[in-house]
Amino acid sequence: MQQQRGQWSGRLGFILAAAGSAIGLGNLWKFPYVTHQNEGGAFVLIYIAAVILVGFPIMAAEVILGRRAQHSPVGTFSILSRGRPGGRLWSAVGFLGVGAGFIILSYYSVVAGWTLHYVLLALQGKLATLAGDPGALQDHFLNEFLASGTQQVSYHLVFMAATVGAVYFGVKNGIERVAKVLMPLLFAIILFLLVYSTTTSGFGDAMRFLFRPNFGDLEPSAILEAVGQAFFSLSLGMGAMLTYGSYMQKKSSIPRSVLEICILDSAMGILACVIMFSIIFTFDLEITQSATILFTTLPTVLVQLPLGDVVLGLFFVLVAFAALTSTVSLMEVVSSFAIDELGWNRQRATLVMGSVIGAFGVLSALSLGANSTLSELNLFGKESTGGVFSSLDYLAANWMLPVGGLLIAVFVGWVLKSSDVRDELETGHGPLGSMFSMLRVALRYVAPIAVGAIIFSIIFLGAEYQ
Ligand code: TRP
């Protein structure tokens, strides 16, 4: 049943693929928005603390698990739990992860599809015209585009096909090759926009807003929000990093790689903030709590800048790339499950699972206005989560990921033998000394308490995180 398992060509391949998974809509859209809602400065600092205290340890835990067991999440937990407290019950964490990957991919791909539509509009020269008139763009997006079932489904399926394509060719020839081209391109576009934003008059205000902490303004709930955001942005809690870790070579250093991925992902979120807030302050924009700021507000501003239509096109190319390297990681979790546990070959696993997820995602694609039954279906009885799309997002991001992350931290912190954890971490790195004790404290106490507090607040305070 076992066929030759894929491997990254080296540490760089792993880092770019994992950073590609982490960097996505979570950084480019969600992070600037929650930062704004939480008054900037102090929130950015707290977010960085959350990445260090919770994100880094849990990501390290996932990579340790994957590289030790060399399996998908389900196989990993059933192998490593043998003879340990809880036994095979732990495989449930793997199934939870595969389920979360399935669900998140089905609706994430719908939003990712929107970026394709915008790239296409830009190539046709229509985007600049639409964006020139804010009313026209908003009308196009909300009333024509979201309401068009054909378009929503088509772009979603095209994006799924691109995702399946990259995963089909395997770890080294597909995922790694895509990431090696797209990630540097993404960094280049971000850098270009960053230089661009320094020339805008709102740049100074943006820097003050982001980097001058004012702890007086900070709500206590911001701490939990920072942890939740770190979690989603770093792709934690469902085995994506575990799966990528399973393709990592033994000679590569886990602590160093994880540190670099955390730095890249955080830098991307912060740079996205610098760029967007420079624009927002330059044009004195109001930000509403709407998912559409990226698609309706920002274009109308970018297009006003010199070379606006080029900037605009580049910007959506960037978002599409960022989304593709993220959907690839979600797909890989589901595919590797079928490869490792069901014994399918990669091609079959990817095509079959990709088709099923694509078909399931049609429900989300149609729930944004095209079909009234699907738009109103409220699966979890929460007022704020109407429609299949939001219901699935709520289920996966607010429940499955935090629960998965908590269990992963507990498994590595309490259930696995400490000497095994240490051995895996030091393989390819060398002796860790007291760094290991710090990581252990983070995994045993800090991360479970922080993530447990999030779950608690969702249950008892009705809070929402993504
Ligand atoms: N981290 C990605 C983003 O910021 C989304 C993502 C990809 C993800 N894979 C994941 C989130 C796995 C949680 C789990 O957009």
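The values are calculated or read from the model by the stated rules, or taken from the named source; none is laboratory data. Predicted model, so just to flag it, every value in this text is computed and none were measured. A quick note on method: Cβ atoms are made from the backbone with ideal geometry, for glycine too, and the neighbour counts reach across all protein chains shown. Accessible surface areas use protein heavy atoms only, side chains included; no ligands, DNA or RNA. Shrake-Rupley method; radii C 1.70, N 1.55, O 1.52, S 1.80 Å.
Worth a mention:
- The solvent-accessible area of W399, taken with every protein chain present and a 1.4 Å probe, is close to 80 Å².
- Of all accessible heavy-atom area on segment 11-460, the percent that carbon and sulfur account for (1.4 Å): 65
- Among S355, Y247, P402 the positive-end extreme of the charge dipole of segment 11-460 (Cβ point charges): Y247
- Solvent-accessible area per residue, Å², over the chain with all protein chains present [probe radius 1.4 Å]: 38
- Listed residues E376, E426 arranged by accessible area, highest first, probe 1.4 Å: E376, E426
- Shown in residue order for segment 177-190 are the 3J(HN,Hα) couplings computed by the Karplus curve 6.51 cos²θ - 1.76 cosθ + 1.60 at θ = phi - 60°: 5, 4, 5, 5, 8, 6, 5, x, 5, 4, 4, 5, 5, 4 Hz (x for Gly and Pro).
- Whole-Hz ³J(HN,Hα) from phi, Karplus 6.51 cos²θ - 1.76 cosθ + 1.60, for segment 138-147, glycine and proline x: 4, 4, 4, 5, 6, 8, 9, 6, 5, 7
- The long axis of helix 221-233 is offset from the longest Cα principal axis of the chain by roughly 80 degrees.
- Summing Cβ point charges (Lys, Arg +1; Asp, Glu -1) relative to the Cα centre of segment 11-460 gives a dipole of roughly 1740 debye.
- Counted over all Cα-Cα pairs of segment 392-466, pairs farther apart than 15 Å make up 60 percent.
- Candidate cross-link partners of K250 among the lysines, defined by an alpha-carbon separation under 17 Å and a same-chain spacing of 8 or more, comprise K172.
- Rg/Rh (Cα only; Kirkwood hydrodynamic radius) as it applies to segment 304-402: 1.09
- Helical content of the chain, expressed as a calculated mean residue ellipticity at 222 nm, amounts to -21000 deg cm²/dmol (DSSP H runs of 4 or more residues, -39,500 (n - 2.57) each, divided by residue number, nearest 500).
- Hz values of 3J(HN,Hα) by residue in segment 342-356 - Karplus curve (6.51, -1.76, 1.60), Gly and Pro given as x: 9, x, 6, 7, 4, 5, 5, 4, 5, 5, 5, 5, x, 5, 5
- Reference-scaled alpha-carbon Rg (2.2 N^0.38 Å with N residues) for the chain: 0.94
- Mean separation of Cα contacts under 8 Å (6+ apart) over length of segment 11-460, as relative contact order %: 34
- Highest average first, the peptides 233-243, 92-102, 408-418 ordered by how many other beta carbon atoms sit within 10 Å of their residues are 233-243, 92-102, 408-418.
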